[in-house]
Amino acid sequence: MRAVASRSPAALSIGELSRRTGVNIETIRYCERIKMLPTPQRTASGRRVYRPAETHSLFFIRRSRELGFTLKEIRALLALSADDELVLDEKPNTR
């Protein structure tokens, strides 16, 4: 884990992330432990700092659970989403 010297305007504390997403703080920590969310960066004082991507992921996880998806299914969907982002970031071969 890297320490973050200063918080960027988009950086969120765990409490703010919880308020914005409606996901309990302990649930956020659980999602980190089971690798549904990446390990967050930390400030020099050790506080977790979250990016906008984690906000989107937590909304997705919460809504997917509400719709009845299992954690295994949600993990697979998140992996597909990450694969799509990699594909979109790649430049086409121009041979």
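Every number in this text was worked out from the coordinates using simple rules, so none of it is lab data. Note that the structure is predicted; figures quoted are calculated from it, not measured. When we count neighbours, we look across all protein chains shown, and the Cβ atoms used for this are built from the backbone with ideal geometry, even at glycine.
Counting other beta carbons within 10 Å of each residue's own, what order do Glu32, Glu73, Glu26 fall into, fewest first?
On the way: Glu32 16, Glu73 13, Glu26 9.
Ordered from fewest to most neighbouring Cβ atoms within 10 Å, Glu32, Glu73, Glu26 come out as Glu26, Glu73, Glu32.
Counting other Cβ atoms within 10 Å, keep those with at most 13, restrict to DSSP loop, and tell me which trypsin sites (Lys or Arg not before Pro) in segment 6-61 are left.
Details: sites: Arg7, Arg19, Arg20, Arg29, Arg33, Lys35, Arg42, Arg47, Arg48; in loops: Arg7, Lys35, Arg47.
When the trypsin sites (Lys or Arg not before Pro) of segment 6-61 are filtered for loop state and at most 13 Cβ neighbours within 10 Å, Arg7, Lys35 remain.
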Loop chymotrypsin sites (Phe, Trp or Tyr not before Pro), segment 21-74, which have at most 16 other Cβ atoms in a 10 Å radius of their Cβ (DSSP): Phe69
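Once you have a ≥ b ≥ c as the square roots of the Cα gyration tensor eigenvalues for segment 10-89, tell me rounded if a/c is under 1.5, and otherwise prolate or oblate according to whether a/b is larger than b/c.
On the way: a/c = 1.91, a/b = 1.32, b/c = 1.45.
Oblate, because a/c is 1.5 or more while a/b does not exceed b/c.
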